[in-house]
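As structure tokens, the structure follows; a few thoughts come after it.
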Amino acid sequence: MSDTAPGELVKSRGGRYAGTLGIDLAAADGGERFKWFLAAVLYGTRISESLATRTWREFAVRDVLAPDRIVATGWDGLVGILDAGGYVRYDYKTATKLLDMCVALMRDYGGSLDALHDAAADPRDLERRIKALGKGIGDTTVGIYLRELRGIWAKAEPPLSPLAISGATALGYLRAGTPDPDRALARLRHLWETDGQPAAGFADFESALVREGLRLRRLPASES
């Protein structure tokens, strides 16, 4: 059993990544949830967290944080923003992905991710619809995006990520081995609520565990 209470872990490691970007996922304005979607697409590529964050901030500085703004910026403009953020290796591919997903979102859901959520029949259909927005939006991006919307969107129930499981195991919240993701998720939720934390804030605990999992992955084998 971990010596660190879940609430204390969030304070020390940090909670939702969206919060560090100044995004209010629970806001009435659905544009906030699109801002996080853009960030999730950037974080979902094999690039460092710091470069993805810097690139998202380039989009923010230029006020290109909505589907129509991305489409209006065009492919060349998007490549320029991505390059300015250091996203050079994946700039062409990502610019195409961003354009495709925004065109699809505007065409099929009026530009609203909330409308996409409402149209979904269940959590798995929600994941399928997000992936269908564009080629290259896969399980990693969808997992990143929906993890932080757990407790905000009723159908945001992605599987617990391997990073969260490894972080929780290392910290003693889960037993060593290969736990069933569903049982592990239920166990972590129980620990969070037993600590007196609000159910809607569980995603902060989950994100803190992901941060720990990422830290462990970066350690040399002798230190992990």
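The values are calculated or read from the model by the stated rules, or taken from the named source; none is laboratory data. Bear in mind the structure is a predicted one, so any value in this text is a computation, not a measurement. Positions of Cβ are generated from backbone atoms using ideal geometry, with glycine treated the same way; all protein chains shown enter the neighbour counts.
Laid out as a table, the results:
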item: Residue count, the stretch 59-93 (criterion: among the β-branched types (Val, Ile, Thr) and modelled with pLDDT under 95); result: 1
item: From the options 127, 148, residue that is under 21 Å from residue 36 (Cβ atoms) and in the same structural domain as residue 52 (by TED's automatic domain parsing); result: 127
item: Any hit, the stretch 160-175, residues being outside the structural domain of residue 108 (by TED's automatic domain parsing) and on the phi > 0 side of the Ramachandran plot; result: yes
item: Candidate set from the stretch 53-78 (those that are among the small types (Gly, Ala, Ser) and part of a helix (DSSP H, G or I)); member that is farthest from residue 88 (Cα to Cα); result: 72
item: Cβ-Cβ under 9 Å pairs, at least 6 apart or on other chains, the stretch 173-190 side under 18 Å from residue 210 (Cβ atoms), far side surrounded by 10 or more Cβ atoms within 10 Å (Cβ to Cβ) and of a type in the set (Asp, Glu); result: 185/157; 185/206; 188/206
item: Residue selected from the stretch 23-52 under the condition basic (Lys, Arg) and part of a helix (DSSP H, G or I), by the criterion farthest from residue 146 (Cα to Cα); result: 35
